[in-house]
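Peer 1: Structure below; questions to follow.
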Amino acid sequence: MAFIVVALKLPDAYVGWLQAATGLAGAVGTRMGTRFGPRRSTYLGLLATITVSYLLVPLATTMPALVAIWLARGLAIGVFVVLFSQQIARLTPPEKMGRVQAAWDMAVCVSAFLGSAATVWLLRELGPAGSFALFGVLMLLVTAAWWALRADAPRRAVTA
C-alpha cells in the first residue's frame, strides 16, 4: 500500500481500491481452489504467480497495472491456501486433525504478525520497491526449495 502513496504519488483513496481488488480476487481464488487438483504443476504455477507479482509491483507505473498485478496475486494466494488446506486434511489422520489444524492456525497468526511488523521496518530501510523485490526474491527461494524437495521425493521414497 505504501508503494501507491510513495512511488505512484496517487491519492490515499486508491489504497481502498487496491485492497478491494485483493479481497475480491482472494475470495474468487478460494472458490476456484476446489476445482484444482493437488498437482505439482498447479502448486508451482501458483507460487510462480505470487513470486512474479511481487517482483512486478516495483515496475508498475499506473494504478490499473498495480491492480492487475494485485488481482493475480490475490487469486493465486486464494487458490494456494485452499489446496494447501486440502493437502493437510488428506495427510492428517482424523484423530489428530484438531491439533494439526490448531498448529496451522497458530503458524498463520504468528507469521501474519511477524510479517506485518517486518514490513514496517523493511519499508523504512529498503523503501517500497526494495521491500517488494525482497518479498519476490524470498518467494522465488521458497518456490525453488519446494520444487527441489518435491523433485527429490520419489527418490527418497524408493531409497527409504
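The values are calculated or read from the model by the stated rules, or taken from the named source; none is laboratory data. Computed from a predicted model, the values in this text were never measured in an experiment. Glycine also receives a Cβ, built like all others from the backbone with ideal geometry; neighbour counts cover every protein chain displayed.
Peer 1: Looking for whichever is buried (at least 17 other Cβ atoms within 10 Å of the Cβ), among the β-branched types (V, I, T), within 28 Å of W17 (Cβ to Cβ) and in contact with a Gly (Cβ under 7 Å, 6 or more places away or on another chain) here; the options are I50, I77. Which one fits? So that I can check it myself, show each step before the final result.
Peer 2: Working: I50 fails: in contact with a Gly (Cβ under 7 Å, 6 or more places away or on another chain).
After applying the criteria, what remains is I77.
Peer 1: Still on this structure, please answer the following. If you check L24, L91, L71, L83, which single one turns out to be within 25 Å of L134 (Cβ to Cβ) and of a type in the set (A, V, I, L, M, F, W, C)?
Peer 2: Numbers: L24 fails: within 25 Å of L134 (Cβ to Cβ); L91 fails: within 25 Å of L134 (Cβ to Cβ); L83 fails: within 25 Å of L134 (Cβ to Cβ).
Being within 25 Å of L134 (Cβ to Cβ) and of a type in the set (A, V, I, L, M, F, W, C) holds for just one of L24, L91, L71, L83, which is L71.
To keep it simple, each residue is scored yes or no on (1) part of a helix (DSSP H, G or I); (2) loosely packed, with under 15 Cβ neighbours inside 10 Å.
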site: W17; (1), (2): yes, no
site: G29; (1), (2): yes, no
site: L46; (1), (2): yes, no
site: T61; (1), (2): no, yes
site: L83; (1), (2): yes, no
site: V100; (1), (2): yes, yes
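Peer 1: Residue under question is V142, and the condition is that it be assigned to a helix (DSSP H, G or I), among the aliphatic types (A, V, I, L, M), surrounded by fewer than 15 Cβ atoms within 10 Å (Cβ to Cβ) and modelled with pLDDT under 80; does it hold?
Peer 2: Working: assigned to a helix (DSSP H, G or I): yes; among the aliphatic types (A, V, I, L, M): yes; surrounded by fewer than 15 Cβ atoms within 10 Å (Cβ to Cβ): yes; modelled with pLDDT under 80: no.
So V142 does not fit the description; no.
Peer 1: Among the residues of segment 83-121, what is the count of those that are under 18 Å from T22 (Cβ atoms) and at pLDDT 85 or above?
Peer 2: Keep residues of segment 83-121 that are under 18 Å from T22 (Cβ atoms), which gives 108, 111-112, 115-116, 119.
The next check asks that each one be at pLDDT 85 or above; those that pass are none.
Qualifying residue count, segment 83-121: 0.
Peer 1: Same structure again: So, I69, is that one assigned to a helix (DSSP H, G or I), modelled with pLDDT of 85 or more, closer than 17 Å to Q19 by Cα and in contact with a Lys or Arg (Cβ under 7 Å, 6 or more places away or on another chain) or not?
Peer 2: Values: assigned to a helix (DSSP H, G or I): yes; modelled with pLDDT of 85 or more: yes; closer than 17 Å to Q19 by Cα: yes; in contact with a Lys or Arg (Cβ under 7 Å, 6 or more places away or on another chain): no.
So I69 fails the test.
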